[in-house]
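The values are calculated or read from the model by the stated rules, or taken from the named source; none is laboratory data. Please read all numbers here as calculations on a predicted model, not as lab measurements. Cβ coordinates were reconstructed from backbone atoms using ideal geometry, including for glycine residues, and neighbour counts include every protein chain displayed. The protein model used for the area step is the full one, side chains on, heavy atoms only, and it has no ligands, DNA or RNA in it. Shrake-Rupley method; radii C 1.70, N 1.55, O 1.52, S 1.80 Å.
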Amino acid sequence: HAGGLLPFFDRCNESTVFQAADGRLCLNSRAMTAKYRVIAWSSDRGKTWTQPQVDTSLPCPVCQATTLRLPASDGTSRVLFANPASRTARERMTVRLSTDDGKTWPASRVVEPGRGGYSDLAALPDGTILLLYETGEKRYAERLALARFNLQWLTGK
């Protein structure tokens with residue numbers, strides 16, 4: 001079912017959503033002029049949303065991004081976020097990990113320091129994480145690349 005409209009915030013689009021441990025939905029959007037991701041929350045399954053807030057820990061050059069809540073049998077909250085982490089260009093494809101439902105992103109690794117664009121995350125049953133993303137030598141969308149890693153690589157532990 002279609003949800004409610006996001007309160008106005010400078011043409012937000014290309015959003016991604018994850019469900020927090022407490023059941024709320026987190027909408028993570030690109031904003032056309034903010035140069036950072038914009039976050040809004042819903043406590044009623046998307047019928048209404050909070051006023052969007054700029055998240056200055058997530059730089060974004062006006063590009064699509066992706067979130068993924070990892071399954072956990074122990075109740076641990078783990079959310080991944082990936083995007084080109086630059087305020088000026090589609091470059092520095094970066095993956096981040098939050099253990100507090102996106103309030104902070106203490107772990108991050110650059111997957112591709114050069115050009116990078118749209119991306120998507122997936123997790124395999126064995127714990128392998130996949131990041132499919134655009135990249136290229138002259139343009140950020142010349143080809144698709146697939147990165148495979150695990151949480152140990154991301155956190156360094």
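Do you know which of the residues in the range 23-45 that are in a strand (DSSP E or B) and more than 16 Å from Thr66 (Cα to Cα) is most open to solvent (accessible area, probe 1.4 Å)? Step through it out loud before you land on a result.
Here is the first cut: in the range 23-45, the residues in a strand (DSSP E or B) are 25-31, 36-42.
Still in the running and more than 16 Å from Thr66 (Cα to Cα): 41-42.
Values: Trp41: 49, Ser42: 2 Å².
Ranking the qualifying residues of the range 23-45, first place goes to Trp41.
Which residues, taken from the range 4-22, are assigned to a strand (DSSP E or B) and closer than 23 Å to Ala122 by Cα?
Asn13, Glu14, Ser15, Thr16, Val17, Phe18, Gln19
Show the residue pairs meeting these rules: Cβ distance below 8 Å; 6+ apart or different chains; first residue within the range 22-48 and touching a residue at least 24 places away in the same chain (Cβ under 8 Å) and of a type in the set (S, T, N, Q); second residue open to solvent by 50 Å² or more (accessible area, probe 1.4 Å) and part of a strand (DSSP E or B).
Asn28/Ser15; Asn28/Val17
Quick grid of which residues meet (1) modelled with pLDDT of 95 or more; (2) within 15 Å of the chain's Cα centre (by Cα):
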| site | (1), (2) |
| --- | --- |
| Gly4 | no, no |
| Phe9 | no, no |
| Ser43 | yes, no |
| Thr67 | yes, yes |
| Pro71 | no, no |
| Asp74 | no, no |
| Ala85 | yes, yes |
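Kindly evaluate Lys157 against the criterion of being part of a loop (DSSP other than H, G, I, E, B), farther than 25 Å from Met32 by Cα, out of contact with any Ser or Thr (no Cβ under 6 Å at 6 or more places or on another chain) and open to solvent by 50 Å² or more (accessible area, probe 1.4 Å).
Yes: the conditions hold for Lys157.
Within the range 122-150, count every residue that is basic (Lys, Arg) and touching a Ser or Thr at 6+ places or on another chain (Cβ under 8 Å).
Summing the residues that are basic (Lys, Arg) and touching a Ser or Thr at 6+ places or on another chain (Cβ under 8 Å) in the range 122-150 gives 2.
Considering only the range 98-121, how many residues are open to solvent by 60 Å² or more (accessible area, probe 1.4 Å), in contact with a Ser or Thr (Cβ under 9 Å, 6 or more places away or on another chain) and not in a strand (DSSP E or B)?
Looking only at that region, the number is 4.
Of the residues in the range 122-135, how many are at pLDDT 95 or above and not in a strand (DSSP E or B)?
Of the residues in the range 122-135, 2 are at pLDDT 95 or above and not in a strand (DSSP E or B).
So the check is Cβ under 7 Å with 6+ separation or different chains; which pairs have a first residue in the range 138-149 that's under 15 Å from Glu91 (Cα atoms) and of a type in the set (Ser, Thr, Tyr) and a second one that's in a loop (DSSP other than H, G, I, E, B) and open to solvent by less than 80 Å² (accessible area, probe 1.4 Å)?
Close Cβ pairs (under 7 Å, with a partner that is in a loop (DSSP other than H, G, I, E, B) and open to solvent by less than 80 Å² (accessible area, probe 1.4 Å)) amount to Tyr140/Arg90; Tyr140/Gly116; Tyr140/Gly117.
Within the range 56-67, is even one residue more than 18 Å from Leu25 (Cα to Cα), assigned to a loop (DSSP other than H, G, I, E, B), of a type outside the set (Asp, Glu) and open to solvent by 50 Å² or more (accessible area, probe 1.4 Å)?
Taking every residue of the range 56-67 in turn, none turns out to be more than 18 Å from Leu25 (Cα to Cα), assigned to a loop (DSSP other than H, G, I, E, B), of a type outside the set (Asp, Glu) and open to solvent by 50 Å² or more (accessible area, probe 1.4 Å).
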